[in-house]
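Accompanying notes for the structure given below.
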Amino acid sequence: MTDTGTDISRLLADAAQGVRIKHAPVDAIVVGGRRRRNRRRAAGAVVVALTVACTAGILTSVSLPEGSGTASVAAEPDTVPRPTTEVIASGQLDGKPWTLSVDVWKRADDADEAGRAWDAMKEAEYPDPQRAGGAGGPELVHTGWFFANLKVGERRSFVDDGALTGAGDRTVETSWGKLARTGSGWFVFGRTTPGVHAVTCTWDDGRKASPQLRTVAGTDRRFFAIEAPAPKPTAGQPWCTAAD
């Protein structure tokens, strides 16, 4: 080796001895690595959570049944029409309470609603396939409908029904009814046009009675029911007239 090479070797050796080699900060590197891993895991967890939430939201929206109230999934289904019911008279028969109630079904807005109302009536009221113009209830687009029902104890029976159309300014329509299948216990059911505010009923023996008129939401017609003496076998409709 030349002198020049020897000198260079010595210089490098001396320089190496003067250099202070520091140990790598292993602990800091490990902690830093853990922090980065934790951040990556947290970020991954957020992504997973968001993915699950979005997926669950999609599945929930798809599986919601009609009528759930979520407008973005499906429109509100057509509701089933229901009547307004009002008890217009009550009493006692042989220790059993009785009530006479009136169901008022409002006039339908269109043919579809009339059909739903007609179907609902078949389920809830006394059936009649010819009611309101027959299947689909086409007449219900032009008029509401009422049903009168008697309940004695737990027994429920049909009394009368009809269209809620005006038949004159001072019209009173009536029918006989029995509180029991046998024995005494008669009553008169009636309905009036809006212009009638008081009614007088005259019985076969000459006595008179003034039933209380009742209104039911959904119609401006008035209804009444009153206990009455047994009619004669030849009696026609109860004689009740407008008194105002």
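The values are calculated or read from the model by the stated rules, or taken from the named source; none is laboratory data. Nothing here was measured: the structure is a model prediction, and the numbers come from that model. Cβ atoms come from the backbone with ideal geometry, glycine included; neighbour counts cover every protein chain shown. When the accessible area is computed, the model is the full protein with side chains, heavy atoms only, and any ligands, DNA or RNA have been set aside. Shrake-Rupley method; radii C 1.70, N 1.55, O 1.52, S 1.80 Å.
Just a few scattered comments:
- Any chance residue 137 is open to solvent by less than 50 Å² (accessible area, probe 1.4 Å) and over 29 Å from residue 123 (Cα atoms): no
- Single residue of region 142-166 satisfying the filter (without any contact (Cβ under 8 Å) to a residue 40 or more places away in the chain, open to solvent by less than 40 Å² (accessible area, probe 1.4 Å) and closer than 21 Å to residue 194 by Cβ) that is nearest to the chain's Cα centre (by Cα): 143
- In region 201-221, the residue that is nearest to the chain's Cα centre (by Cα) out of those that are under 20 Å from residue 91 (Cα atoms) and open to solvent by 30 Å² or more (accessible area, probe 1.4 Å) is 215.
- Segments classed as strands (runs of 3 or more DSSP E), wholly inside region 182-244, with at least 2 members that are small (Gly, Ala, Ser) and closer than 19 Å to residue 99 by Cβ: 222-228
- Boolean, residue 189 is open to solvent by 50 Å² or more (accessible area, probe 1.4 Å), closer than 22 Å to residue 128 by Cα and touching a residue at least 12 places away in the same chain (Cβ under 8 Å): no
- Considering only residues in region 76-118 that are open to solvent by 90 Å² or more (accessible area, probe 1.4 Å), more than 25 Å from the chain's Cα centre (by Cα) and touching a residue at least 24 places away in the same chain (Cβ under 8 Å), the one that is nearest to residue 156 (Cα to Cα) turns out to be 96.
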